[in-house]
């Protein structure tokens, strides 16, 4: 074994040489960034294909994609910096060091939402219809994007020795503050290298997102109203994130508290989305009832 090893010990799977980057023309290119970029390309391709399926203007949707990505990346960074302000308050220049990591998915979603709203207004597109397609693309990006955390040895959960637990060398952990006392109490030494055993929360979230994507993919052709897919996405992703965030040791928290920002935001999104969905389903049911009654009267 080496410090580049990542083990799923109870599944008997061992990745012995997992690097974090490759060199191209003397420049280190992180796998994290490559995976994020790949996920964005796949997401964009899916959104355009869904626009074509619906008979929508693909060029307008491309504008949505480009601006959502640009503002989404900015939003992801701003969100992270705001809730990690102690790391940046004494050194502003670090705020612009994107290559050192520090992007938050909820900030990306908020930024992408702002970008989408702006383009929809300019191009006279129905926002909720666009959002129904866009959220499926976002899920694709999230499924792949989480594997960037695997290569970075980050965004993992607390100590675990369960079926899916993952062992990583202490030396390879990106941020030592993510290592808990319980992890240190259960250190495992293999070939002279100390490993911690953790919940692979990146894997949990990636698999959860696959399930949400499949559900929404088959639901999209049967949707009853614009926004149905989008709000189901917010509710289901929020539900999974609320649980998974509780396992992580790198939570962004409200200043001066032990409350995780993403858990609170997830809970709010779940509640508001369910209210929206229930309201529209009741409204739809009433319309069907009135229609049937009128038909019987005639």
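The values are calculated or read from the model by the stated rules, or taken from the named source; none is laboratory data. These numbers were taken from a predicted model, which means no experiment stands behind them. Positions of Cβ are generated from backbone atoms using ideal geometry, with glycine treated the same way; all protein chains shown enter the neighbour counts.
Side notes on the structure shown:
- Scanning region 179-196 for residues that are in a helix (DSSP H, G or I) and exposed (fewer than 15 other Cβ atoms within 10 Å of the Cβ) turns up 181, 182, 184, 185.
- Residues that are free of Cβ contacts under 8 Å to residues at least 40 places away in the same chain and out of contact with any helix residue (DSSP H, G or I) (no Cβ under 7 Å at 6 or more places or on another chain), drawn from region 258-278: 258, 259, 264, 268, 271, 272, 275, 278
- Residues within region 106-163 that are touching a helix residue (DSSP H, G or I) at 6+ places or on another chain (Cβ under 7 Å), in a helix (DSSP H, G or I) and in contact (Cβ under 8 Å) with a residue 60 or more places away in the chain, tallied: 25
- Residues of region 197-215 that turn out to be part of a helix (DSSP H, G or I) and free of Cβ contacts under 8 Å to residues at least 60 places away in the same chain, as a count: 9
- The numbered conditions (1) surrounded by 15 or more Cβ atoms within 10 Å (Cβ to Cβ); (2) under 30 Å from residue 69 (Cβ atoms) are all true for residue 170 except (2).
- Residue ID - nearest to residue 209 (Cα to Cα), chosen from residues in region 258-269 that are more than 15 Å from the chain's Cα centre (by Cα), modelled with pLDDT of 90 or more and not in a strand (DSSP E or B): 267
- Selection within region 218-257: residues that are part of a loop (DSSP other than H, G, I, E, B) and without any contact (Cβ under 8 Å) to a residue 12 or more places away in the chain. The member of this set that is surrounded by the most Cβ atoms within 10 Å (Cβ to Cβ) is 257.
- Test for residue 210: is it in contact with a helix residue (DSSP H, G or I) (Cβ under 8 Å, 6 or more places away or on another chain), at negative phi and loosely packed, with under 15 Cβ neighbours inside 10 Å: yes
- Residue that is modelled with the lowest pLDDT, among those in region 81-105 that are in contact with a helix residue (DSSP H, G or I) (Cβ under 6 Å, 6 or more places away or on another chain) and part of a helix (DSSP H, G or I): 94
- In region 172-196, the residues that are at positive phi and touching a residue at least 24 places away in the same chain (Cβ under 8 Å) form no Cβ pair under 8 Å with any partner that is surrounded by 13 or more Cβ atoms within 10 Å (Cβ to Cβ) and assigned to a helix (DSSP H, G or I), whether six or more places apart or across chains.
- Note on region 152-182: residues that are within 15 Å of residue 205 (Cβ to Cβ) and under 19 Å from the mean Cα position of the chain (by Cα) amount to 5.
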